[in-house]
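One structure is given here, and the rest of the page talks about it.
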Amino acid sequence: MPKPYSYIMKKLLLFTAAVFTAAGAFAQSCNPDGAYANSSPGLYPLGPLGPTCDLVAPKTIVSLTDTVVPNPLGGTLILYLDAMRVNSVTGIPAGLSLGTDVEASIDVNAPWGYWYNSGTVPNQTSALGCAFVYGTGGAWDAAIGGGPNNDGSYPLVFEVDARINSTSPDFSAFIPNGTWVSAVNPSFGGGSFYILDTLVVGNDYANISTVITGSGNVDPLTAYNYSVPQDPNVTYNWTATNGTIVSGQGTASVMVEWNGSGNIEVVLTDGGCQGVDDMDVTANPTGLDEIAGINASVYPNPSNGIFNLQLDNTDALSVRIIDVSGRVLRSNTLSGSTLYSLDMQSAPVGVYILELETTEGKTFKRLIKQ
């Protein structure tokens, strides 16, 4: 088979090696992604070969409608193709199977069914289909460390076929319309298409590993950021023990306001798999009123923006107001009075931290702007 045709057919065939599913229950179905309907022939989306944590990991295929081969009588010959099928597959580990979205059309010649182009020659529209390899969790686990070299790598061999609707110039005297390419004499550009690929089943194929980054030493009533690497296929659920998640739940990054020492944990979910990480958090003792030696009260709280700060002495102290992202909204020094007014009327509704500091230490108060 000439290179242009075999190369495109290879792209078509790759989908059978690229659509692996992971451990656990599975559904024997897939749905083509219509976003690729106008794409050139090939496999979509591109990605690594091997099982993932999705219970079904389909790939969408856009079929070939025509190709050019040498004409044995001179010049070139256009083959218009109106259907595609997978003839055979070898090398898939025991217990795993190939499935497609066209299994209703299975017959003795097409063990996984047919994909049909639409329209009329020469203006056909490529068929849009999908296929996947599936199996139980036990079958995928059994494939770990297998293969010819006992490393979890499996050489795969697939044979794909295409049906010739017509030829240009008309070559039907030699290649009857409706003939499958595998049945055509090689001298006329026919023969089987054997494509080699590799499936790799790693020891940790079903694991999601992650590490939380953020401060392990905190001040009470202060908000801190904690995050894990972003993955568009993962959902995130955070839990803060002895702390409040003030923003970011369900994303890769959250802000946590701590009441004292505690723990932050995140559970990542991707299809049928989960990963978890947690971090212990220690609250600094200087955040306690009795250690700092600062006796202060704030009222009214919640407020519409005017807060009264009541102190028990007129000593100088530094005041900072901080939002949940850690941005300092106000910073100044107060002295000479026991009662001050804090004006936050221009600040957005939300939760803020009031930090009070003297030479003896710090204390924190939560401000709620309504």
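The values are calculated or read from the model by the stated rules, or taken from the named source; none is laboratory data. Just so it is clear, the model here is predicted, and its values are computed rather than measured. FYI the Cβ positions are ideal-geometry reconstructions off the backbone, even for glycines, and counts take in every protein chain you see.
Annotations
- The residues listed here are Val121, Val86; of these, the one that is β-branched (Val, Ile, Thr) and touching a helix residue (DSSP H, G or I) at 6+ places or on another chain (Cβ under 7 Å) is Val86.
- Taking the criterion of being under 15 Å from Lys365 (Cα atoms) and either over 41 Å from the mean Cα position of the chain (by Cα) or without any contact (Cβ under 8 Å) to a residue 40 or more places away in the chain (or both), the residues of the range 311-322 that qualify are Leu311, Leu317, Ser318, Val319, Arg320.
- Residues located in the range 329-348, provided they are exposed (fewer than 11 other Cβ atoms within 10 Å of the Cβ) and under 20 Å from Val246 (Cβ atoms): Pro348
- Taken over the range 194-214, the criterion of being more than 24 Å from Tyr134 (Cβ to Cβ) and either assigned to a loop (DSSP other than H, G, I, E, B) or modelled with pLDDT under 85 (or both) is satisfied by Ser209, Thr210, Val211, Ile212, Gly214.
- Selection from the range 324-366 of residues that are of a type in the set (D, E, K, R), without any contact (Cβ under 8 Å) to a residue 40 or more places away in the chain and closer than 23 Å to Pro220 by Cβ: Arg327, Arg330
- The range 160-206, residues that are at positive phi and touching a helix residue (DSSP H, G or I) at 6+ places or on another chain (Cβ under 8 Å): Gly189, Gly191
- Scanning the range 302-328 for residues that are of a type in the set (Val, Ile, Thr), closer than 22 Å to Thr244 by Cα and surrounded by 14 or more Cβ atoms within 10 Å (Cβ to Cβ) returns Ile321, Ile322, Val324.
- Residues in the range 215-234 that are within 18 Å of Gly275 (Cα to Cα) and modelled with pLDDT of 85 or more were compared, and the one that is nearest to the chain's Cα centre (by Cα) is Gln230.
- Counting only strands (runs of 3 or more DSSP E) that sit completely within the range 96-174, those holding 1 or more residues that are free of Cβ contacts under 8 Å to residues at least 12 places away in the same chain and within 24 Å of Gly42 (Cβ to Cβ) correspond to 118-120, 123-125.
- Flag if Leu268 is touching a residue at least 40 places away in the same chain (Cβ under 8 Å) and either closer than 30 Å to Asp151 by Cα or basic (Lys, Arg) (or both): yes
- Selected residue (criterion: modelled with the lowest pLDDT) from residues of the range 144-181 that are among the hydrophobic types (A, V, I, L, M, F, W, C) and surrounded by fewer than 23 Cβ atoms within 10 Å (Cβ to Cβ): Leu156
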